[in-house]
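What follows is a single structure, written as structure tokens, with notes after it.
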Amino acid sequence: MQNYFLHPDLRDHPTGLDCVVPLTNVVPALRHLGSKIAWVNWGLTEHELTTIPPSLVRGFMKGGTGGFGSELPGQFGRLLMRGQLNSALYGPLQHLYEEGSRAGTDVWIHKNRMSGLWGPQSALDLYLQETGITTLLFAGVNADQCVLGTIVDAYFRGYDCVVLRDCVATSSPQGGLENVLYNSGNSYGFVTDSNKVIEAAHSKA
């Protein structure tokens, strides 16, 4: 849900923008239940630029960009590097994260691959182990790329996965999102929506 993927000055992603309001509604409800909110985002270092495999590098050189670390137009900074405007969350979501960070409910976790749980020990996996969290609710873009990669890795590691259907989207052709929702509900875990989570949270109040 970073600026690089959602900001209108960088990309046309209307279905991704449609996820912003449901997400801003459901996050406070989850916080009220005592849930931790992990914002898992691209945030590369200079060293990591030297370790990313060619297949991943190529994928981010499409569309006229210079790839990871290249300069983007305006004030957006270097592509998906830490501390750059394009790597910040989009608009209201950045404010939502900062609110939760101050309250101690939200954490920011950098990733350097499509999946936030790739490899023997990612920052996200370490955080989940340290906190004892075993159930994960998923939101984000693109559903059939970064989100799905993390869902599959989480499933293989034994986490319970729940996808919020109105909080995930993709810019892929028709079938991309449907495939994610189908397999998430039938193989990898569960599918629900933000309204049902909010209703459940209110019933616990």
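Read-outs throughout are calculated quantities, based only on the coordinates presented, and are distinct from any laboratory measurement. Because the structure is a prediction, the values reported are computed rather than measured. Ideal geometry is used to build each Cβ from the backbone, glycine not excepted, and the neighbour counts take in all protein chains shown.
Per-structure values
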read-out	value
Residue in the range 164-176 that is more than 20 Å from Asn41 (Cα to Cα) and either among the polar types (S, T, N, Q) or in contact (Cβ under 8 Å) with a residue 40 or more places away in the chain (or both) present	yes
Subset of the range 113-169 that is under 17 Å from Glu48 (Cβ atoms) and among the aliphatic types (A, V, I, L, M) - its residue that is surrounded by the most Cβ atoms within 10 Å (Cβ to Cβ)	Leu117
Close pairs from the range 4-22: first under 17 Å from Ala88 (Cβ atoms), partner of a type in the set (Lys, Arg), Cβ under 9 Å, at least 6 apart	Tyr4/Arg11; Phe5/Arg11
Of all residues making up the range 46-76, the number that are touching a strand residue (DSSP E or B) at 6+ places or on another chain (Cβ under 9 Å), part of a loop (DSSP other than H, G, I, E, B) and surrounded by fewer than 13 Cβ atoms within 10 Å (Cβ to Cβ)	0
Considering residues of the range 14-36 that are farther than 20 Å from Gly149 by Cβ and aliphatic (A, V, I, L, M) only, the residue surrounded by the fewest Cβ atoms within 10 Å (Cβ to Cβ)	Leu33
Count - residues of the range 95-141 that are among the hydroxyl-bearing types (Ser, Thr, Tyr) and closer than 18 Å to Val152 by Cβ	4
Residue match in the range 166-183 (condition: over 17 Å from the mean Cα position of the chain (by Cα) and hydroxyl-bearing (Ser, Thr, Tyr))	yes
Residues satisfying the stated conditions in the range 100-112, i.e. out of contact with any Cys (no Cβ under 9 Å at 6 or more places or on another chain) and surrounded by 12 or more Cβ atoms within 10 Å (Cβ to Cβ)	Gly100, Ser101, Thr105, Asp106, Val107, Trp108, Ile109, His110, Asn112
